[in-house]
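The values are calculated or read from the model by the stated rules, or taken from the named source; none is laboratory data. Treat the numbers as computed from the prediction; the structure is a model and nothing was measured. Don't worry about glycine lacking a Cβ; one is built from the backbone with ideal geometry, like all the others, and counts go over all protein chains shown. All accessible areas refer to the heavy atoms of the entire protein, side chains included, with ligands and DNA or RNA removed. Shrake-Rupley method; radii C 1.70, N 1.55, O 1.52, S 1.80 Å.
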Amino acid sequence: MKNIVVLVSGGGTNLQALIDAEKSGIIQGGKITCVISSKDGVYALERANNNNIPTRVIPRKEYSDSVSYSKAILDALNEEKADLVVLAGFMTILDECVTKAYAYKIINVHPALIPSFCGEGYYGLKVHEAALAYGVKVSGATIHFVNEEADAGAIILQGTVEVQKDDTPEVLQRRIMENVEWKLLPKAVSLFCQDKIEIVDGKAYVI
Ligand code: GAR
């Protein structure tokens, strides 16, 4: 059984999707053993508490830079004996001390079709604002491994939704969450926990 540590910063609907998927048996071979938040008081922590999952808060604002913050995260991941780290709405970019120590063991969900609308500065609603401003007709979400470059690691799964003429960023975000993120993130986690993701030449393939 692999130890899954989930990193969050906000409402935690993706965390909830993972908790539900574990309960219903969609996630095989892994168990959420800890939730770490970069902010105190967020609803994701309550979701973890409601399901008796141990939590830790490592506030980003208490660290002067990304390197010192990432070292604190790395210590926590090592203490928790993480086999898989899931960034589920985690709004901080991790330094290479973490991404190298956990290479191909960190999975992120990004709310767009990478390589569009991604990289530094593209997170949460900003991603959907940018997609609507561009006028794309299709958007979606990407589940990918995390490496040293923001949103540039090997893609595991992607799913799409159609963009409607009167969409607001909030409406598009919700459609992408419901139809793609909450389904594909648990699926990718389950594939990882069953060793069903293969890396060839830096690209990820489902076996
Ligand atoms: C999700 O849409 C997730 O894809 C996005 O933030 C939202 C978090 O929602 N993540 C990013 O933008 C990361 N770059 P949640 O807290 O309800 O899961």
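State in Å² the accessible area per residue of segment 78-207; use a 1.4 Å probe, count heavy atoms of protein chains only, and round to the nearest integer.
50
Can you tally the lysine pairs in segment 1-82 where the Cα-Cα distance is under 12 Å and the two residues are eight or more apart, or on different chains?
Lysine pairs satisfying the spacing and distance rule in segment 1-82 number 4.
Roll a 1.4 angstrom probe over the protein heavy atoms and tell me the percent of accessible area of the chain that is carbon or sulfur.
Using a 1.4 Å probe with all protein chains present, the chain comes out at 48 percent carbon and sulfur.
Could you identify which residue out of Leu74, Leu172, Leu125 has the top mean-square fluctuation in a GNM of the chain using Cα springs shorter than 10 Å?
Residue with maximal mean-square fluctuation among Leu74, Leu172, Leu125: Leu125.
Local charge sum around Ser38 (other residues, Cβ-Cβ under 11 Å, Lys/Arg +1, Asp/Glu -1)?
Numbers: positive: Lys39, Arg56, Arg60, Lys61; negative: Asp40, Glu62.
Net of charged neighbours comes to +2.
Kirkwood Rh over Cα pairs of the chain into Stokes-Einstein at 25 °C, 0.890 mPa s: D in µm²/s?
144
Using only alpha-carbon positions, what ratio does the radius of gyration of segment 106-203 give when scaled by 2.2 N^0.38 Å?
1.07
Can you give the net charge of the other residues whose Cβ lies under 9 Å from the Cβ of Ala17, counting K and R as +1 and D and E as -1?
Details: positive: Lys183; negative: Asp20, Glu181.
Summing Lys/Arg as +1 and Asp/Glu as -1 gives -1.
I'd like the trypsin sites (Lys or Arg not before Pro) in segment 1-85 restricted to DSSP loop residues with at most 11 other Cβ atoms within 10 Å, sorted by number.
Passing both the DSSP loop test and the Cβ count: Lys81.
Fully extended, how many nm does the chain gain between Ser24 and Leu132 (0.36 nm per residue separation, minus their Cα-Cα distance)?
35.4 nm
Which value, in debye to the nearest 20, describes the size of the charge dipole of the chain about its Cα centre when Lys and Arg Cβ atoms bear +1, Asp and Glu Cβ atoms bear -1, and nothing else is charged?
420
Build a GNM of the chain with springs between Cα atoms under 10 Å: which of Thr33, Thr13, Thr168 gets the top mean-square fluctuation?
So, out of Thr33, Thr13, Thr168, the one fluctuating most is Thr168.
Can you list which of the trypsin sites (Lys or Arg not before Pro) found in segment 122-207 are DSSP loop residues with at most 11 other C-beta atoms within 10 Å? Please report the intermediate quantities before stating the final value.
Working: sites: Lys126, Lys137, Lys165, Arg174, Arg175, Lys183, Lys187, Lys196, Lys203; in loops: Lys137, Lys165, Lys196.
For trypsin sites (Lys or Arg not before Pro) across segment 122-207 that sit outside H, G, I, E and B with at most 11 neighbouring Cβ atoms in 10 Å, the list reads Lys137, Lys165.
So what is the 222 nm mean residue ellipticity for the chain from helices alone, if each DSSP H run of at least 4 adds -39500 (n - 2.57) and you divide by all residues, rounding to the nearest 500 deg cm²/dmol?
-9500 deg cm²/dmol
Rank Gly135, Gly119, Gly89 by mean-square fluctuation in a GNM of the chain with C-alpha springs under 10 angstrom and give only the top-ranked residue.
Of the options given, Gly135 has the highest mean-square fluctuation.
Obtain the nm distance between the two label points defined at Glu120 and Ile207 by a simple spin-label model: each point lies 7 Å from its Cα along the Cα-to-C-beta direction.
Each label point lies 7 Å from its Cα, and together they span 3.7 nm.
Would you mind checking which residues have amide H under 5 Å from Ala204's amide H? H placed 1.01 Å from N; only 5 or more apart, or other chain.
Ile155
Taking the Cα centre of segment 84-204 as the origin and placing charges on Cβ (Lys, Arg +1; Asp, Glu -1), which of Thr168, Leu184, Ile155 is farthest toward the positive end of the dipole?
Leu184
Expected output is a single nm value to one decimal: the length gained when fully extending between Val200 and Gln158, i.e. 0.36 nm times separation in residues minus the C-alpha distance. What is it?
Length difference between fully extended and current span is 13.3 nm.
Run the dipole for segment 1-112 about the Cα centre, Lys and Arg Cβ at +1, Asp and Glu Cβ at -1, nothing else charged, and hand back the magnitude in debye, nearest 20.
Rounded to the nearest 20 debye, it is 160 debye.
Near Leu132, within a Cβ-to-Cβ distance under 14 Å, what is the net charge of the other residues, with Lys and Arg +1 and Asp and Glu -1?
Working: positive: Lys126, Lys137, Lys165, Arg174, Arg175; negative: Glu129, Glu162, Asp166, Asp167, Glu170.
Within the 14 Å Cβ shell, the charges total 0.
Could you go through segment 34-39 in sequence order and give the Karplus-derived ³J(HN,Hα) for each residue, using 6.51 cos²θ - 1.76 cosθ + 1.60 with θ = phi - 60°, rounded to whole Hz, and x for Gly and Pro?
Once θ is set to phi - 60°, the couplings for segment 34-39 become 7, 10, 10, 10, 8, 9 Hz.
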